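Here the structure comes first, spelled out in structure tokens, and everything after it is commentary.
Just so you know, all these numbers are worked out from the coordinates, no wet-lab data involved. Fair warning: this is a prediction, and the values are worked out from it, not measured in the lab. Here the Cβ positions follow ideal geometry from the backbone for every residue, glycine too, while neighbour counts run over all protein chains shown.
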Amino acid sequence: MAQTLAAQEVFEKLPPRRPESHKGSYGRLLVVAGSARYRGAAALAVEGALRTGAGLVTLASVEPVLQGILPRLPECCCLPCTAGAAGGIGAESLPLLLDAARGCTALLIGPGLGMSEDTAALVQALVQAAECPVLLDADGLNAAAALTGPEHAAPLPRPQNGAPLVLTPHPGEMARLTGLTADEIAAEREGLAAGYARANGCVLVLKGHRTLIAAPDGRLYKNTTGNAGLARGGSGGDLAGLPAGLRAARLDAFDAAACAVWLHGAAADSAAARLGQYGMLPHDLFYDLERLFAQNGR
């Protein structure tokens, strides 16, 4: 049966930053995201990672995405990649990405990446070659489904270091991963999430009302924060960056996912109180996330 996570538990898992620390103390994150069509998702994911304390965040993307992000987030490092035919990162950028991933403490793949043959090739190669923890979101998940879904009956690729993948699917992406319908997923969310995490050795964040976070060892959380103001494009980009930032800072995969989901929802509740569920936008949540950290000495 799923447990719930309380605010006190979240902040106990997020220790105060040490006075003698430096940026290297909080890890290096590489975010592989964005395309000519989907530029905002990369920006939201990067800001989410920066706002959850990652020491150094690099965005690998095509030039139109990078040009848009720098005025907004000068703290983000940029890795320009060659564009493929679909406007996303081309497969010829793989050696550049593999080199950039060396020395990173986490790798986030997928927000706004676009879905193409290039994407599938990049995701497979990056996950299998990764020497650090990997998180898959959005088109990173769709690429994984194309490679390993029910039609292929192949296991999820795993990073070299054996760390569990963190997957953040919404019900449609979960349907592609499992071959089930959205209705079938909705009918047995807890059992499905727990079983998938156990069978694939991954941490699964099954998004939706009362998002579930499942660990390979059977632990299962049901989130109680958040509201319908999150039901708009961009909310997933926000959320993807939060566990990536925490994972880069070397938090345990399950704790990073659970804390991120709780924080994302709590920030959304605060934003809704300020702006209303109709008026709030995904980028508004960062103001409320900052306040949550400040109010709890983080």
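Largest mean-square fluctuation among 267, 86, 194, in a Gaussian network model of the chain whose springs join Cα atoms under 10 Å apart, belongs to 86.
The lysines whose alpha-carbon is closer than 27 Å to the alpha-carbon of residue 222, local same-chain residues fewer than 8 away aside, are 13, 207. Per-residue ellipticity at 222 nm, computed for the chain from helices alone with -39500 (n - 2.57) per DSSP H run of at least four residues, works out to -13500 deg cm²/dmol. Taken as Cα centroids, region 91-153 and region 13-31 sit 25 Å apart, rounded to the nearest whole angstrom. In terms of overall dimensions, region 219-274 has a Cα radius of gyration and Dmax of 11.5, 34 angstrom.
Remark: region 273-282, residue by residue, has Karplus-estimated 3J(HN,Hα) of 5, 7, 10, x, 5, 6, x, 5, 10, x Hz, where x stands for each Gly or Pro and the curve is 6.51 cos²θ - 1.76 cosθ + 1.60 at θ = phi - 60°.
Would you mind counting up the charge near residue 83? Only other residues with Cβ under 13 Å from its Cβ, with Lys and Arg at +1 and Asp and Glu at -1. For residues surrounding residue 83, the net value is -1. Amide H to amide H, with H built 1.01 Å from N, residue 53 comes under 5 Å of no residue 5 or more places away or on another chain.
What list do you get for 270, 35, 25 if you sort them by fewest beta carbons within 10 Å?
The fewest-first ordering by Cβ neighbours comes to 25, 270, 35.
Between residue 291 and residue 96, the FRET efficiency from the beta-carbon distance, with R0 = 30 Å, is close to 0.20.
In summary, region 26-67 shows an alpha-carbon radius of gyration equal to 1.11 times the 2.2 N^0.38 Å reference for compact globular proteins. Fraction of C-alpha pairs exceeding 32 angstrom in the chain: 18 percent, rounded to a whole number. Ranked by the mean number of other Cβ atoms within 10 Å per residue, highest first, peptides 221-227, 14-20 order as 221-227, 14-20. Just so you know, the Rg over Rh for region 1-116 is 1.05, from Cα atoms, with Rh as the Kirkwood radius. Each of 170, 209 was scored by other Cβ atoms within 10 Å of its Cβ. Arranged with the fewest first, they read 209, 170. Among the GluC sites (Glu not before Pro) within region 44-140, those in coil by DSSP and having at most 16 neighbouring Cβ atoms inside 10 Å are 75, 131.
Note that region 88-190 shows a convex hull volume over its alpha carbon atoms of 97 Å³ per residue.
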